[in-house]
Amino acid sequence: MKSSSHSSTIAGWREWASLPGLGVDWIKVKLDTGARSSALHAFDLEEFERDGEPWVRFGVRPWQGSDEDDVRVELPVHDRRLVRSSSGHTAERVVVLLDVVLLGRTVTAEVTLTNRDEMGFRMLVGREALRQGFVVDSGRSFVGGRAPKHARRRNRGRA
């Protein structure tokens, strides 16, 4: 058996995370070992060039069912990928690199940008990010603790 150079952190199937590079302190995420890449709910995607390189401008809504605390972001395009959704549809998505803080650990994730309005979570963390030191216990939730009450209320559409 190959030994790991880092210890594994046990996480539940859903957790609270933060995206410090975007200014998002709290976002409820689903940890999905069935998905290769991670996905973030993004809207108003606009691709442009900066110094001859492809960039993308988009909005992030960290709260489910609410447009409070929207964040506008500009990031370099890391890649483009054909991604098959859970409903079986294939679409090309823009991929950006994001630091994700999960259970006190920071990992860099390749994140596809997509409309997740109809999904239960604003962000999905896939196995490429999870293999950076996480083991998912599908029978547990919020192993890293709950977000503060104000964040949980906002996520439910109540301020």
Checklist entry - Does VAL101 meet the test of being in contact with a Ser or Thr (Cβ under 8 Å, 6 or more places away or on another chain), within 15 Å of ARG14 (Cα to Cα) and open to solvent by 60 Å² or more (accessible area, probe 1.4 Å)? => result no
Next on the checklist: Cβ-Cβ distance below 6 Å, separation of 6 or more or different chains: which pairs start in the stretch 137-152 with a residue that is over 15 Å from SER18 (Cα atoms) and end on one that is assigned to a loop (DSSP other than H, G, I, E, B) and not aliphatic (A, V, I, L, M)?
Outcome noted: SER138/TRP13
Checklist entry - So is ASP70 within 14 Å of the chain's Cα centre (by Cα), surrounded by fewer than 17 Cβ atoms within 10 Å (Cβ to Cβ) and under 23 Å from ARG153 (Cβ atoms) or not? => result no
Checklist entry - Going by the structure shown, is ARG131 in contact (Cβ under 8 Å) with a residue 24 or more places away in the chain, farther than 16 Å from LYS28 by Cα and open to solvent by 70 Å² or more (accessible area, probe 1.4 Å)? => result no
Checklist entry - Applying the selection to the stretch 57-98, what residues are over 18 Å from ILE27 (Cβ atoms), modelled with pLDDT under 85 and among the charged types (D, E, K, R)? => result ARG84
Checklist entry - What is the number of the single condition among (1) under 22 Å from VAL24 (Cα atoms); (2) surrounded by 13 or more Cβ atoms within 10 Å (Cβ to Cβ); (3) free of Cβ contacts under 8 Å to residues at least 24 places away in the same chain that PRO54 does not meet? => result (1)
Checklist entry - LEU113 fails exactly one of the following numbered conditions: (1) more than 17 Å from LYS28 (Cα to Cα); (2) surrounded by 16 or more Cβ atoms within 10 Å (Cβ to Cβ). What is the number of that condition? => result (1)
Item to check | Check on ARG146, open to solvent by 80 Å² or more (accessible area, probe 1.4 Å) and either under 20 Å from GLY104 (Cβ atoms) or more than 17 Å from the chain's Cα centre (by Cα) (or both) | outcome: yes
Next on the checklist: Suppose the filter is assigned to a loop (DSSP other than H, G, I, E, B) and at positive phi; does GLY144 pass it?
Outcome noted: no
Checklist entry - Taking into account only those residues within the stretch 22-42 that are in a strand (DSSP E or B) and open to solvent by 20 Å² or more (accessible area, probe 1.4 Å), which is farthest from GLY126 (Cα to Cα)? => result ASP25
Checklist outcome for this item: A careful count of residues in the stretch 73-98 that are open to solvent by 70 Å² or more (accessible area, probe 1.4 Å) and touching a residue at least 12 places away in the same chain (Cβ under 8 Å) gives 5
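The values are calculated or read from the model by the stated rules, or taken from the named source; none is laboratory data. The model shown is predicted, which means the values in this text are computed figures rather than measured ones. Methodologically, a virtual Cβ is constructed for each residue, glycine included, from the backbone with ideal geometry; neighbour enumeration extends over all protein chains shown. Just so you know, the surface numbers come from the protein's heavy atoms only, side chains and all, with ligands and any DNA or RNA stripped out. Shrake-Rupley method; radii C 1.70, N 1.55, O 1.52, S 1.80 Å.
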